[in-house]
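The values are calculated or read from the model by the stated rules, or taken from the named source; none is laboratory data. Treat the numbers as computed from the prediction; the structure is a model and nothing was measured. FYI the Cβ positions are ideal-geometry reconstructions off the backbone, even for glycines, and counts take in every protein chain you see.
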Amino acid sequence: MDDAIRRALAPTDAEIRALPLGANTKFARELLGDGRQRALDIGCGEGKFTRGLTAFIGEVSGIDVKEKSILKARAAAQAEGAKVDFHVGSADALPWPDAHFDVVIFSNSLHHMPDAARAIAEAMRVLTPGGVLYVMEPVAAGHYHEATKFVNDETVVRTDAWVALNGSLGAGLSRVREILYRSRRAFDSFDAWKEDQLDRDARRAAKFEADPEGVKRTFETLADKEDGKLAFDQVFRVDLLRKA
């Protein structure tokens, strides 16, 4: 495997420790800059990252296929006073006209798309010429991945998403930059993390039930103990691409 590809998909522990540390929105602001007019976050979930975009982008929209997530996103935005236009819908058929956004984002979501290549094509449709596609994906490496893969191993789908994204290069998209960084994840307890996992997908209950003590032991062993919490560095990769 080419070393640049290996680092993008499977950095070593030493390489991970050397990565810059910060919140996802911090790196988004650094890479996108201030003054962007209109952004769309595809697969926005409950909208935490999406709401953060409003600090430096004029108009922000988010879309997710799960109505439950969008209802939570709208409630959180209202509570925070963040102006975001949230929609329930599919990445395969976005309800906006061509060339509507100057930034389109997949925030931790491209690997969840049933057809990543089709989702990228639809994102390109609503992106203005000269606009940028911002793809933030978790990397299948590091202690957080190792601690959680027993109930949610996304190594294959994350790799497939990377392959689909790179397959779009030369077909109207060119890479501006690729970076890796660390973002801190902290949980009050193992049970708090378990609840979060089951809220995301109730089918994961079977994985917990198969080896409850083993999953708990691995999670707690790999965690850093900080202020009474179980904390991890989660590795993210951002690919910033420009539409011709």
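Filtering the range 62-118 down to residues that are part of a strand (DSSP E or B) and charged (D, E, K, R), which residue is surrounded by the fewest Cβ atoms within 10 Å (Cβ to Cβ)?
Ranking the qualifying residues of the range 62-118, first place goes to 85.
Residue pairs whose Cβ atoms lie under 6 Å apart, separated by 6 or more positions or on different chains, with the first residue in the range 28-50 and of a type in the set (Asp, Glu) and the second part of a loop (DSSP other than H, G, I, E, B), are 34/56. The set of residues from the range 1-31 being part of a helix (DSSP H, G or I) and under 16 Å from the mean Cα position of the chain (by Cα) comprises 8, 9, 24, 25, 26, 27, 28, 29, 31.
Exactly one residue among 151, 156 is surrounded by fewer than 20 Cβ atoms within 10 Å (Cβ to Cβ) and either among the β-branched types (Val, Ile, Thr) or closer than 25 Å to residue 53 by Cα (or both), and that residue is 156. When residue 163 is tested against the conditions (1) modelled with pLDDT under 95; (2) farther than 30 Å from residue 103 by Cα; (3) part of a helix (DSSP H, G or I), the lone failure is (2).
If you take the residues of the range 207-237 that are β-branched (Val, Ile, Thr) and part of a helix (DSSP H, G or I), which of them is surrounded by the most Cβ atoms within 10 Å (Cβ to Cβ)? Restricting to residues being β-branched (Val, Ile, Thr) and part of a helix (DSSP H, G or I), the top hit is 215.
Only residues that are small (Gly, Ala, Ser), touching a strand residue (DSSP E or B) at 6+ places or on another chain (Cβ under 7 Å) and crowded, with 17+ Cβ neighbours inside 10 Å were counted across the range 127-148, and they come to 4. Among the residues in the range 10-22, are any surrounded by 15 or more Cβ atoms within 10 Å (Cβ to Cβ) and under 23 Å from residue 117 (Cα atoms)? Scanning the range 10-22, I find at least one residue that is surrounded by 15 or more Cβ atoms within 10 Å (Cβ to Cβ) and under 23 Å from residue 117 (Cα atoms), so the answer is yes. Here residue 150 meets each of (1) more than 20 Å from residue 24 (Cβ to Cβ); (2) in contact with a helix residue (DSSP H, G or I) (Cβ under 7 Å, 6 or more places away or on another chain); (3) part of a helix (DSSP H, G or I) with one exception, condition (3).
Quick check on my filter: what residues within the range 163-179 are surrounded by 13 or more Cβ atoms within 10 Å (Cβ to Cβ), touching a strand residue (DSSP E or B) at 6+ places or on another chain (Cβ under 7 Å) and either within 25 Å of residue 215 (Cβ to Cβ) or of a type outside the set (D, E, K, R) (or both)? Listed by number, the residues that qualify are 165, 172, 173, 176, 179. On the basis of being touching a residue at least 24 places away in the same chain (Cβ under 8 Å), crowded, with 16+ Cβ neighbours inside 10 Å and either under 24 Å from residue 19 (Cα atoms) or not β-branched (Val, Ile, Thr) (or both), does residue 185 make the cut? Taking the combined requirement at face value, the residue satisfies it. Taking the criterion of being part of a loop (DSSP other than H, G, I, E, B) and closer than 15 Å to residue 81 by Cβ, the residues of the range 34-54 that qualify are 47, 54. Residues considered: 181, 144. Of these, the only one that is aromatic (Phe, Trp, Tyr), in a helix (DSSP H, G or I) and either out of contact with any His (no Cβ under 8 Å at 6 or more places or on another chain) or within 26 Å of residue 8 (Cβ to Cβ) (or both) is 144.
For residue 168, indicate whether it is within 23 Å of residue 25 (Cβ to Cβ) and of a type in the set (Ser, Thr, Tyr). Criteria not met by residue 168.
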